[in-house]
Structure formats: C-alpha cells, structure tokens
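**Student:** I'd like to ask some things about the structure below.
The values are calculated or read from the model by the stated rules, or taken from the named source; none is laboratory data. Worth saying up front: this structure is predicted, and the values here are computed from it rather than measured. Quick reminder, even Gly has a Cβ in these numbers, built from the backbone with ideal geometry, and neighbours come from all protein chains shown. With ligands, DNA and RNA removed, areas are computed over all heavy atoms of the protein, side chains included. Shrake-Rupley method; radii C 1.70, N 1.55, O 1.52, S 1.80 Å.
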Amino acid sequence: MKFKKLITLLLIVCILAGATTAPIKVEASAAKSYTSSDLRLLTAIIYCEAGWESYKGKVAVGNVILNRVDSNLFDHVTTIREAVYDLKRWGRQFEPAYNLTKSGKYTTKGAPLEAALKLYVYGDYKSEEQKKVMAECKKAAKDAMNGTNVIGDYLYFNSYVAATKAKCVKEKIPYKIIGNHIFFERFY
C-alpha cells in the first residue's frame, strides 16, 4: 500500500512541477521475486519489441509478458523465460525470440533477442543513444517486475494498430493504444 501511495505522490509532484504532460496510470500489485536472469531476459525482449517506444510503452510490453506468466489462459507458462520463448499452443509469440530456418523450424541462433541479450551482457553499444535505450528498457523491466502496471491484465499486443483496433471494436474487446502498439485483453 505504501508503494501505491508513493507512486501517486510522485506523479502529483511531477504534474505540479510540469515534468510530464501525460501521467502514467499505475496499478500497483504485489511484487514477486525475480532473478537477474529474469531481468536480463525481460529487458532484452522489451528492447527488441519496444526499444524506441515511450517509457510507458516499454512497461506495457513487460506487463504483457508478466500477465501471461500469471494467466490461466497461458497455464503452460510459469516463468518469464517460458512466456518469451513460448511455441507450444499458438506458435511463436514474440517474433524477436526466434528466426525461421530454411527447413521451416524455429531457432534462437541469430535471432534479434539473442543479439539484445549479448548487448545487455557485454555492453558493446554502437552509440550513446543505444546505451540509453537499453538502460530505459532495464528500468521498465524492473518497474514492471516490481508491480508497475499500465495496461491491467491485457495479454496481447502488436503493431498493426488500425487493423487490430477495428477488430477489437467489432468484437467489443478492450484495448489501449500506446505509441505504435495496440494492447488488448483477448485475441479476436
């Protein structure tokens, strides 16, 4: 409860100080225990999926992954690793996690996520901007793992905003657009 009050107070101070024009709505939930490996993987997938999105968009991607870990719909997923590399029920869930081989099989070798994990570990950044983006992704991952939630219990997102919005409206599926991504509750 103290965490939620602190976040609310910080947001009010930021708004009054003019530090932000659009406050992030935060739903604090009970933080769980995560490992450094979880942080590294969540940071890297956020970097791949939303690295150039707003901070709120980065947190939202982390929320989707953590929501899947907690969701009964994804009952075959119990860890961040399983959520990110999930191929079991509906095929590849996070495109940067795999490359498709010539034989039609998925491999993690050479996938964008593998490169982002190496970047996280070795820090061979090509620019200060790239380093800054990775740091913000790490902060977003930490915040998501510590209970910051900007999308509620939504389980999906993609970058096909117009088409997905039309389907969500038609099927009366709740959604939220953040930057170049649309986040939604259930698949249409």
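**Student:** So which of ALA83, ALA50 is closer than 20 Å to TYR125 by Cα, modelled with pLDDT of 95 or more and not charged (D, E, K, R)?
**Tutor:** Details: ALA83 fails: closer than 20 Å to TYR125 by Cα.
Step by step, each of ALA83, ALA50 is checked, and only ALA50 is closer than 20 Å to TYR125 by Cα, modelled with pLDDT of 95 or more and not charged (D, E, K, R).
**Student:** Starting from the range 19-46, take each residue that is under 15 Å from VAL150 (Cα atoms) and modelled with pLDDT under 95 and list its partners that are open to solvent by 30 Å² or more (accessible area, probe 1.4 Å) and aliphatic (A, V, I, L, M), counting only C-beta distances under 8 angstrom and pairs at least six apart or across chains.
**Tutor:** Pairs found: PRO23/LEU11; PRO23/ILE15; ILE24/LEU11; VAL26/ILE7; VAL26/LEU11; ALA28/ILE7.
**Student:** Taking interchain pairs and intrachain pairs at least six residues apart, which have beta carbon atoms under 8 angstrom, with the first residue in the range 89-100 and assigned to a loop (DSSP other than H, G, I, E, B) and the second surrounded by fewer than 18 Cβ atoms within 10 Å (Cβ to Cβ) and of a type in the set (S, T, N, Q)?
**Tutor:** Listed pairs, sorted by first residue: TYR98/THR107; TYR98/THR108.
**Student:** Scan the range 145-163 and give yes if some residue there is more than 13 Å from the chain's Cα centre (by Cα), under 22 Å from TRP90 (Cβ atoms) and not in a loop (DSSP other than H, G, I, E, B), otherwise no.
**Tutor:** yes
**Student:** Still on this structure, I have one more. Any residue at all in the range 116-126 that is in contact with a Cys (Cβ under 8 Å, 6 or more places away or on another chain) and within 17 Å of THR43 (Cβ to Cβ)?
**Tutor:** Yes: one or more hits.
**Student:** Listed residues LYS172, LYS176, LYS105; which is on the phi > 0 side of the Ramachandran plot and not small (Gly, Ala, Ser)?
**Tutor:** Matching residue, one of LYS172, LYS176, LYS105: LYS172.
**Student:** Just to verify a result, which residue in the range 90-114, among those that are of a type in the set (S, T, N, Q) and exposed (fewer than 14 other Cβ atoms within 10 Å of the Cβ), is farthest from TYR47 (Cα to Cα)? Walk me through it before giving the result.
**Tutor:** Initial filter on the range 90-114 (of a type in the set (S, T, N, Q)): 93, 99, 101, 103, 107-108.
From what is left, the residues that are exposed (fewer than 14 other Cβ atoms within 10 Å of the Cβ) are 101, 103, 107-108.
Details: THR101: 23, SER103: 28, THR107: 19, THR108: 16 Å.
Checking each candidate, the answer is SER103.
**Student:** Is it the case that the range 115-129 has a residue that's more than 23 Å from LYS32 (Cα to Cα), surrounded by 15 or more Cβ atoms within 10 Å (Cβ to Cβ) and touching a helix residue (DSSP H, G or I) at 6+ places or on another chain (Cβ under 9 Å)?
**Tutor:** Yes, the conditions are met somewhere in the range 115-129.
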